[in-house]
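The values are calculated or read from the model by the stated rules, or taken from the named source; none is laboratory data. Everything numeric in this text was worked out from a predicted model, so none of it was measured. All Cβ positions, glycine included, derive from the backbone under ideal geometry; neighbour counts span all protein chains shown.
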Amino acid sequence: MTVFYFARHGETDDNARLVFQGQGGRGLNARGRAQARRLAQRMQRARVSAVVASDLERAVETARFVSTACGVAATYDPDLREVDLGAWTGKSHEEIADLYPEEWSAWAAGLDVRRGGGETYAELAERVDRAVARACAMELRDPFLLVSHGGAIKSWVAKILGVSAEGLRALAGVGNAGITIVERDARGRVKLHAWNDTSHLEGLLVEEQTD
């Protein structure tokens, strides 16, 4: 049996400005760094044995806080990246609604569209699932931490719960530095023990926004 944590990266300026980052974007802002420190403190108490993170800057920076606090190495897996948003990357909600009204309307209605020519949520979930399987195959000591992104975590959890990509809105979003706890057995069967736990972020919570 393997127990691991999934954590979203801390807040970035693009998060705060409602800009879709996808696989672009920059590192954490001041609030995001404070959130990452709180995450690191909680993971230190949990005695995580390893950190595996997306290789995007905001996830790398978040992982660095945890690895330093816990005295463990961080490794990086590109399959933990956020959804590829193609031409939507780096644009605000207002810009996308104006430039891509049909895609925007479809996405807003809950359809799993290939935004900006990028990935679907279903494709994203399969990609993240490969990263999870690789991390579990490493036989890391329980528990370990995966640092990823809001859309990536939510898509993967929807997959393991049997929720369709079009049903993602049935799940609450993942807050910056929020934690999800998962148990996985030797046959690859998973149990969700906690979803978007933000109890360590008192005073640092913001409205959830995912890509």
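Laid out as a table, the results:
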read-out	value
Residues (of a type outside the set (A, V, I, L, M) and within 22 Å of residue 165 (Cβ to Cβ)) located in segment 78-90	78, 79, 81, 82, 84, 86, 88, 89
Answer from 60, 48, 66 - the residue that is among the β-branched types (Val, Ile, Thr) and surrounded by fewer than 23 Cβ atoms within 10 Å (Cβ to Cβ)	60
Scan of segment 107-130 for residues that are out of contact with any Lys or Arg (no Cβ under 9 Å at 6 or more places or on another chain) and either small (Gly, Ala, Ser) or loosely packed, with under 14 Cβ neighbours inside 10 Å (or both), ordered by number	108, 109, 111, 117, 118, 130
Condition met for residue 97 (within 30 Å of residue 141 (Cβ to Cβ), part of a helix (DSSP H, G or I) and out of contact with any strand residue (DSSP E or B) (no Cβ under 9 Å at 6 or more places or on another chain))	no
Where residue 154 falls short, out of the listed (1) under 19 Å from residue 21 (Cα atoms); (2) of a type in the set (D, E, K, R); (3) part of a loop (DSSP other than H, G, I, E, B)	(3)
Matching option when the condition is closer than 17 Å to residue 153 by Cα, part of a helix (DSSP H, G or I), modelled with pLDDT of 95 or more and among the small types (Gly, Ala, Ser), among 40, 34, 59	59
Test: residue in segment 96-105 that is free of Cβ contacts under 8 Å to residues at least 12 places away in the same chain and either among the charged types (D, E, K, R) or closer than 30 Å to residue 50 by Cα (or both)	yes
